[in-house]
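The values are calculated or read from the model by the stated rules, or taken from the named source; none is laboratory data. These numbers were taken from a predicted model, which means no experiment stands behind them. So basically every Cβ, Gly included, is an ideal-geometry build from the backbone, and we count neighbours across all protein chains shown.
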């Protein structure tokens, strides 16, 4: 890719027939609009160069601003409006004054995650899966996930299988593998990707890295985060199955055999090496956990607090449509439904408008006649909503 010192002169003389260049030429020479459009064209060219550098891991980035001291290349991310490269820690400051933004962004927007969507990943992915990558916190773990083909394939398989509500779950599972790979690379710098860990020769190193991730204490034989050790067991086995599948597709018998032998080792040895102590720690923590029962006054106080939030949000919605008020009303309503029914939040949050519209109002006459007076009053006052829950089960929620 060729660079030019006098970019405006080159654009006007060699690309004057293109639409973007003609738009620049339509403004006066010293006008602010002309300057902003030229900067946008310059940044787009620099962005194309930087993407090539990141993909090939060779060359120099061209940032819009850089400090006087040297920083790693992964410190920079592109602005999703003007395509200029800025340091992650300074992106919030640039976004406030970005000349290319169409409208001012609301507070709470995750600027770094949105901007990181412009960075390349190790393999082609679907747009819907790229949105999941954009929800990740933009740190060294997410960078590892983006640049590792096996972690991306693992996430894509989950995305194809899971529902649309499982974005956070998919992101969490990928980040767990990213954390493991980071620990593995610190202990063994020769490991460049997760696929190199799926090997019987690396099994003992994998066990040590998983223990380190989960905070294993060899003297006490217990874990600080036992659930992470159990989750990594399932994820690594799934990665071994993906490698085996790839080996079959590519007719790579060596990859297929490595994955099969690693998977067999996990099935034979993982329970003794990791899972047994992790489960013991989980059961011990559960047994020693004190049971906290809410007092009646606490429940009443929470109920009044949620009711006041709902009333305030409803009033604001009636006066003028407000996105924040709608979110507050939805969250308070969800909390109240969970509190009233005392069920898992997962089923309640998946209750759709169609579920509410298909409320079963008819009560069987024989059953209704056998109810007490108090139960009959409840049937008349409450509405019963059926929601699809865990493992396809049908769960009932009462609304009043």
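Please verify whether segment 280-291 includes one or more residues that are closer than 19 Å to residue 181 by Cβ and crowded, with 17+ Cβ neighbours inside 10 Å.
Going through segment 280-291, the residues closer than 19 Å to residue 181 by Cβ turn out to be none.
Looking through segment 280-291, none of the residues is closer than 19 Å to residue 181 by Cβ and crowded, with 17+ Cβ neighbours inside 10 Å.
Out of segment 316-330, which residues are in a helix (DSSP H, G or I) and either at pLDDT 90 or above or touching a helix residue (DSSP H, G or I) at 6+ places or on another chain (Cβ under 8 Å) (or both)?
Those that are in a helix (DSSP H, G or I) and either at pLDDT 90 or above or touching a helix residue (DSSP H, G or I) at 6+ places or on another chain (Cβ under 8 Å) (or both): 316, 317, 325, 326, 328, 329.
Residues checked against (1) within 27 Å of the chain's Cα centre (by Cα); (2) in contact (Cβ under 8 Å) with a residue 12 or more places away in the chain; (3) buried (at least 18 other Cβ atoms within 10 Å of the Cβ):
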position	(1), (2), (3)
31	no, no, no
43	no, yes, yes
51	yes, yes, no
62	no, yes, yes
69	no, no, no
73	yes, yes, no
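Just give me the residues in segment 214-236 being within 15 Å of residue 178 (Cα to Cα) and outside any loop (DSSP other than H, G, I, E, B), in sequence order.
Within segment 214-236, 228, 229, 231, 232, 233, 234, 235, 236 qualify.
Only one of 136, 91, 174 is closer than 13 Å to residue 79 by Cβ, modelled with pLDDT of 80 or more and surrounded by 17 or more Cβ atoms within 10 Å (Cβ to Cβ); which?
Working: 136 fails: closer than 13 Å to residue 79 by Cβ; 174 fails: closer than 13 Å to residue 79 by Cβ.
Within the list 136, 91, 174, the selection yields 91.
Quick one: how many residues across segment 364-385 are in contact with a strand residue (DSSP E or B) (Cβ under 9 Å, 6 or more places away or on another chain) and either assigned to a helix (DSSP H, G or I) or at pLDDT below 75 (or both)?
1
Within segment 355-374, is even one residue touching a residue at least 60 places away in the same chain (Cβ under 8 Å) and over 27 Å from the mean Cα position of the chain (by Cα)?
Checking segment 355-374: not a single residue is touching a residue at least 60 places away in the same chain (Cβ under 8 Å) and over 27 Å from the mean Cα position of the chain (by Cα).
Residue-by-condition table, conditions (1) free of Cβ contacts under 8 Å to residues at least 60 places away in the same chain; (2) over 30 Å from residue 167 (Cβ atoms); (3) part of a helix (DSSP H, G or I); (4) in contact with a strand residue (DSSP E or B) (Cβ under 6 Å, 6 or more places away or on another chain):
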| position | (1), (2), (3), (4) |
| --- | --- |
| 286 | yes, no, yes, no |
| 303 | yes, yes, yes, no |
| 310 | yes, no, yes, no |
| 337 | no, no, yes, no |
| 348 | yes, no, yes, no |
| 387 | yes, no, no, yes |
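For segment 331-351, what are the residues that are within 25 Å of the chain's Cα centre (by Cα), at pLDDT below 80 and within 20 Å of residue 310 (Cβ to Cβ)?
345, 348, 349, 351
Does segment 108-119 include one or more residues that are part of a helix (DSSP H, G or I), modelled with pLDDT of 80 or more, within 26 Å of residue 183 (Cα to Cα) and within 26 Å of the chain's Cα centre (by Cα)?
no
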